[in-house]
Amino acid sequence: MIFVFLLVNTVVAVWRRQRILAVMAEQRARFFRNSIVNLAVLVAVGSIAVDVHPDLTAADVGWRLPEGNWSDYLYTGYVLVLLIAVYLRSRKGPLSPGTTALLPRTSGERLLAGGAAVAFGVGEEFLYRGLLLAAGTELLGLPLWVAAVLGWVLFVAAHIYQGGRALFTIGLLGLIFTMLYLSSMSLVLPIIVHTLWDLVFLLLIRPRPAVAEQAVTEEAPVEEEIPVMAEVPTPVTEPRRLRAAAPE
């Protein structure tokens, strides 16, 4: 039921992308609030389902400390440096409409965006990495790499409303999060990196003023205005013969 819900949301995001962007641009606070509530409910339902399922445990879905050695934390540090570099580069280039629509404008929106960043980090890593990989391998018998690729594809597709230019970065991030999870078999490192990325992206990047597109039209030749000179009325002089005939 959880993955059917995610799949339906993904299809709707692709089908009504322009409508979603328009609503998001006008109601960012509502979008952040709904995201927090929806992800909290999905994580709670998923955790309950794992708890009551006889073949799954909390450790199977990544709720445990990293199993790897110090190299995992070194790799996490490298990933954070890479994400900072991507962030600095993104500040110089133009932002996609989907990205611009997400950026908060007011203090209230920034507060909700901070909560949404935590919800995205915890919720999406639990759903697309921990739960999907555990359900795919333990319940459906899929190879680990197939379940990992499936989770990555669904993660990228869920963000398709942000536009094609943002999908490359999202795909790279999804790949990094998946590698962090597979190297440690824990959600701790992916959640930390994912949350930090969203916090930096939503709270530090400022929306740029929209630049009005100017239509490229051929300039019409400007006709020089010739000033119209007002005619000065010529004083009417009486004919001399009339003036001479007039009595003094």
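The values are calculated or read from the model by the stated rules, or taken from the named source; none is laboratory data. All of these numbers come straight from a predicted model, not from anything done at the bench. FYI the Cβ positions are ideal-geometry reconstructions off the backbone, even for glycines, and counts take in every protein chain you see. The protein model used for the area step is the full one, side chains on, heavy atoms only, and it has no ligands, DNA or RNA in it. Shrake-Rupley method; radii C 1.70, N 1.55, O 1.52, S 1.80 Å.
Would you call Ser107 at pLDDT below 95, touching a Phe, Trp or Tyr at 6+ places or on another chain (Cβ under 7 Å) and hydroxyl-bearing (Ser, Thr, Tyr)? It is false that Ser107 is at pLDDT below 95, touching a Phe, Trp or Tyr at 6+ places or on another chain (Cβ under 7 Å) and hydroxyl-bearing (Ser, Thr, Tyr).
The single condition from (1) open to solvent by less than 60 Å² (accessible area, probe 1.4 Å); (2) out of contact with any helix residue (DSSP H, G or I) (no Cβ under 6 Å at 6 or more places or on another chain); (3) farther than 25 Å from Gly151 by Cα that Ala25 fails is (2). Answer yes or no as to whether Arg110 is open to solvent by 10 Å² or more (accessible area, probe 1.4 Å), under 16 Å from the mean Cα position of the chain (by Cα) and in contact (Cβ under 8 Å) with a residue 12 or more places away in the chain. In short, yes. Looking across Leu154, Leu173, Leu199, one residue alone is at pLDDT 90 or above, within 19 Å of Leu82 (Cβ to Cβ) and either open to solvent by 20 Å² or more (accessible area, probe 1.4 Å) or of a type outside the set (Phe, Trp, Tyr) (or both). It is Leu199.
Can you confirm whether Glu125 is touching a residue at least 60 places away in the same chain (Cβ under 8 Å), under 18 Å from Ala59 (Cα atoms), open to solvent by less than 10 Å² (accessible area, probe 1.4 Å) and among the acidic types (Asp, Glu)? Yes: the conditions hold for Glu125.
Taking the criterion of being within 28 Å of Arg28 (Cα to Cα), touching a residue at least 40 places away in the same chain (Cβ under 8 Å) and either part of a helix (DSSP H, G or I) or of a type in the set (Phe, Trp, Tyr) (or both), the residues of segment 129-163 that qualify are Arg129, Leu154, Ala157, Ile160, Tyr161, Gln162. No other residue among Gly163, Gly136, Gly130, Gly98 is within 23 Å of Ser35 (Cα to Cα), more than 17 Å from the chain's Cα centre (by Cα) and open to solvent by less than 10 Å² (accessible area, probe 1.4 Å) apart from Gly130.
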